[in-house]
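Worksheet: one structure, shown below.
The values are calculated or read from the model by the stated rules, or taken from the named source; none is laboratory data. Computed from a predicted structure; not experimentally measured. Here the Cβ positions follow ideal geometry from the backbone for every residue, glycine too, while neighbour counts run over all protein chains shown. Surface areas here come from the heavy atoms of the whole protein model, side chains and all, with no ligands, DNA or RNA. Shrake-Rupley method; radii C 1.70, N 1.55, O 1.52, S 1.80 Å.
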Amino acid sequence: MRKSTLALMAAAALPFSLVACTEKSTASDGDVIVTATDDSCDISATTGTTGKTTFQVTNNGSKVTEFYVFAEGDRAMGEVENIGPGLQRQLIVTLPEAATYQLACKPGMVGTGIRQDFVVTGDSQAATDESGQLAEAADGYRRYIRSQIVALQDTTAQFVAAIQAGNIEQAKALFPIARTYYERIEPEAESFGELDPKLDLREADLEPGQVWTGFHRLEKDLWVTGIQPDTNAVADQLKVDIAYLADQVNAADYSIDPTKIAGDAQGLLDEISTSKISGEEDIFSHTDLWDFQANVDGSQAAIAALNPILQERNPELAQRISDRFADLDATLAQFRIGDGFVFYDTVTEAQRQELSRKIDALSAEVSQVQEVVAGQ
């Protein structure tokens with residue numbers, strides 16, 4: 001889960017932050033220009049045509065922001081997160097059908113955002129994949145998402161059972177394992193409305209009056225406060241919310257656009273670079289390295305689904321990405337102990353900066369994939 005002041009401080013402190021790799025982006029004719037501030041979201045066009053649309057998003061506010069494209073039912077067609085003040089990010093989205101979509105800036109990365117309609121006209125662009133590679137990539141990645149959901153439900157059930165049995169040490173051991181399957185697919189969970197905050201909100205990001213549920217509320221109970229009167233109910237709600245997520249990704253009409261797969265690969269790396277490298281994600285348990293590895297694994301799986309397209313269109317980029325993943329995996333392996341990792345509060349500042357440099361180097365390569373897949 002994203003956001004917080006600590007993340008901003010960390011991003012500012014680390015000399016090789018992701019922002020340096022992604023801030024530049026050159027607008028082309030036909031791009032939609034989005035200018036976000038803390039209380040506005042100015043968009044250069046309110047209409048478009050079916051097919052690929054490129055949004056160039058600039059954050060002129062003082063808060064970190066996000067930009068989303070929603071279809072009916074608040075189904076996210078694409079998003080970019082963690083856009084720091086003064087930065088620009090590019091989002092390529094396929095809008096296959098004529099419809100009224102919604103564009104949203106989210107200053108502070110909270111709430112439903114500042115929205116406006118975006119009316120798309122034109123013929124359906126759903127069947128333009130003559131080689132079948134795009135459909136194959138989408139099918140492969142969808143199978144991966146569904147496989148992770150199965151493991152997420154199974155391990156979360158074990159985690160909840162340990163809590164409700166009062167077996168605190170077993171629950172602590174299962175906490176990072178259950179989270180692994182969520183962290184591998186988090187961008188997809190984020191595409192279903194407010195589901196991600198229910199599952200993964202941090203205490204630092206709570207708004208006044210907001211009910212705190214999900215993994216991190218249970219993390220605090222296990223590591224800090226001890227079992228509370230409502231702990232079992234919160235654990236039960238975690239299972240309910242994950243079951244809802246499973247229903248969404250197992251629905252017959254659940255589909256993933258290949259350009260969004262590339263966005264997911266980038267988003268998972270962004271999660272580490274801009275909001276996890278500081279150690280604020282698992283601030284009570286210090287199990288952050290499990291999350292790091294899961295985000296990297298998920299990003300690698302997304303790229304693997306797209307690899308046939310990359311190999312055909314830009315094999316040099318495919319090789320560089322493969323090399324960067326191998327380098328980062330080798331660095332993370334230095335922190336392994338058995339099936340797990342050392343606790344993150346034992347990782348030195350110099351080691352954190354080395355991780356940050358390697359994540360940013362990989363992210364710089366992965367940030368090029370969306371354009372390759374979109375054919376732009």
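Yes or no: E365 loosely packed, with under 13 Cβ neighbours inside 10 Å and either under 21 Å from the mean Cα position of the chain (by Cα) or more than 22 Å from T274 (Cα to Cα) (or both)?
On the way: loosely packed, with under 13 Cβ neighbours inside 10 Å: no; either under 21 Å from the mean Cα position of the chain (by Cα) or more than 22 Å from T274 (Cα to Cα) (or both): yes.
Spelling it out, it is not the case that E365 is loosely packed, with under 13 Cβ neighbours inside 10 Å and either under 21 Å from the mean Cα position of the chain (by Cα) or more than 22 Å from T274 (Cα to Cα) (or both).
If you take just the helices (runs of 4 or more DSSP H) that sit entirely in segment 120-193, which of them hold at least 1 residues that are touching a Leu at 6+ places or on another chain (Cβ under 6 Å) and open to solvent by 20 Å² or more (accessible area, probe 1.4 Å)? Step through it out loud before you land on a result.
Values: elements: 133-164, 168-183, 186-190.
Hits in segment 120-193: 133-164, 168-183.
Could you please tell me which pairs satisfy a Cβ distance under 6 Å, a separation of 6+ or placement on different chains, a first residue in segment 169-184 that is closer than 26 Å to D264 by Cα, and a second residue that is hydroxyl-bearing (S, T, Y) and crowded, with 18+ Cβ neighbours inside 10 Å?
Within 6 Å, the pairs are P176/T287; I177/T155; A178/T155; A178/T156.
Of all the residues that make up segment 217-245, how many are out of contact with any Gly (no Cβ under 9 Å at 6 or more places or on another chain) and either assigned to a loop (DSSP other than H, G, I, E, B) or under 18 Å from T287 (Cβ atoms) (or both)? Step through it out loud before you land on a result.
Within segment 217-245, the subset out of contact with any Gly (no Cβ under 9 Å at 6 or more places or on another chain) is 217-226, 228-233, 235-236, 239-240, 242-245.
This time we only want the ones that are either assigned to a loop (DSSP other than H, G, I, E, B) or under 18 Å from T287 (Cβ atoms) (or both), so: 217-226, 228-230, 235.
Result for segment 217-245: 14.
For the subset of segment 166-220 comprising residues that are basic (K, R) and farther than 18 Å from D297 by Cβ, which member is farthest from the chain's Cα centre (by Cα)? Don't jump to the end; show me each part of the working.
Step one: of segment 166-220, the residues basic (K, R) are 172, 179, 184, 198, 202, 217, 220.
From the residues that got through so far, the ones that are farther than 18 Å from D297 by Cβ too are 172, 198, 202, 217, 220.
Details: K172: 24, K198: 15, R202: 15, R217: 20, K220: 23 Å.
Restricting to residues being basic (K, R) and farther than 18 Å from D297 by Cβ, the top hit is K172.
Anything in segment 308-326 that is touching a helix residue (DSSP H, G or I) at 6+ places or on another chain (Cβ under 7 Å) and either over 22 Å from E136 (Cα atoms) or of a type in the set (D, E) (or both)? List them, or say none. Quick ask: steps written out before the conclusion?
Here is the first cut: in segment 308-326, the ones touching a helix residue (DSSP H, G or I) at 6+ places or on another chain (Cβ under 7 Å) are 308-311, 313-314, 317-318, 320-321, 324-325.
Within segment 308-326, R320, R324, F325 meet the criteria.
Counting only residues that are farther than 17 Å from D297 by Cβ and not aromatic (F, W, Y), which one in segment 335-348 is surrounded by the fewest Cβ atoms within 10 Å (Cβ to Cβ)? Break it down into steps so the answer makes sense when it comes.
Within segment 335-348, the subset farther than 17 Å from D297 by Cβ is 337-338, 342-348.
Next, from what is left, pick out any that are not aromatic (F, W, Y): 337-338, 342, 345-348.
Details: I337: 9, G338: 5, V342: 15, D345: 11, T346: 11, V347: 20, T348: 8.
Filtering first and then ranking leaves G338.
Exposed (fewer than 15 other Cβ atoms within 10 Å of the Cβ) and either part of a strand (DSSP E or B) or within 18 Å of the chain's Cα centre (by Cα) (or both): does that describe D29? Spell out the reasoning first.
Values: exposed (fewer than 15 other Cβ atoms within 10 Å of the Cβ): yes; either part of a strand (DSSP E or B) or within 18 Å of the chain's Cα centre (by Cα) (or both): no.
No: the conditions fail for D29.
Looking at this structure, is E280 surrounded by 24 or more Cβ atoms within 10 Å (Cβ to Cβ) and of a type in the set (D, E)?
Working: surrounded by 24 or more Cβ atoms within 10 Å (Cβ to Cβ): no; of a type in the set (D, E): yes.
No; evaluated as a whole, the condition is false for this residue.
For segment 327-353, which residues satisfy the criterion of being within 22 Å of the chain's Cα centre (by Cα) and over 30 Å from G140 (Cα atoms)?
Y344, R352, Q353
What about E219, is it touching a residue at least 40 places away in the same chain (Cβ under 8 Å) and surrounded by fewer than 21 Cβ atoms within 10 Å (Cβ to Cβ)? Steps first, please.
On the way: touching a residue at least 40 places away in the same chain (Cβ under 8 Å): yes; surrounded by fewer than 21 Cβ atoms within 10 Å (Cβ to Cβ): no.
Criteria not met by E219.
Sort out which residues of segment 232-282 are of a type in the set (D, E) and either touching a Ser or Thr at 6+ places or on another chain (Cβ under 6 Å) or over 18 Å from G193 (Cβ atoms) (or both), and write them in order of number. Write out each step before concluding.
Here is the first cut: in segment 232-282, the residues of a type in the set (D, E) are 236, 241, 247, 253, 257, 264, 270-271, 280-282.
Hits for segment 232-282 are D236, D257, D270, E271, E280, E281, D282.
Could you please give the count of residues in segment 57-80 that are touching a helix residue (DSSP H, G or I) at 6+ places or on another chain (Cβ under 6 Å), open to solvent by 10 Å² or more (accessible area, probe 1.4 Å) and of a type in the set (D, E, K, R)?
1
Here is a yes/no grid of residues against (1) surrounded by fewer than 17 Cβ atoms within 10 Å (Cβ to Cβ); (2) modelled with pLDDT of 95 or more:
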{"residue": "G267", "(1), (2)": "no, no"}
{"residue": "T274", "(1), (2)": "no, no"}
{"residue": "D288", "(1), (2)": "no, yes"}
{"residue": "F292", "(1), (2)": "no, yes"}
{"residue": "S322", "(1), (2)": "yes, yes"}
{"residue": "D327", "(1), (2)": "yes, yes"}
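Between residues in segment 323-351 that are among the charged types (D, E, K, R) and residues that are surrounded by 14 or more Cβ atoms within 10 Å (Cβ to Cβ) and part of a loop (DSSP other than H, G, I, E, B), which pairs lie under 6 Å by C-beta distance while being six or more apart or on different chains?
The qualifying pairs are D345/H286.
Can you tell me which residue in segment 246-265 is surrounded by the fewest Cβ atoms within 10 Å (Cβ to Cβ), limited to those that are assigned to a helix (DSSP H, G or I) and of a type in the set (A, V, I, L, M, F, W, C)? First the steps, then the outcome.
Taking segment 246-265 as the starting set, the residues that turn out to be assigned to a helix (DSSP H, G or I) are 246-249, 258-265.
Restricting the remaining residues to those that are of a type in the set (A, V, I, L, M, F, W, C) gives 246, 249, 261-262, 265.
Details: A246: 15, V249: 18, I261: 30, A262: 28, A265: 28.
Here the residue is A246.
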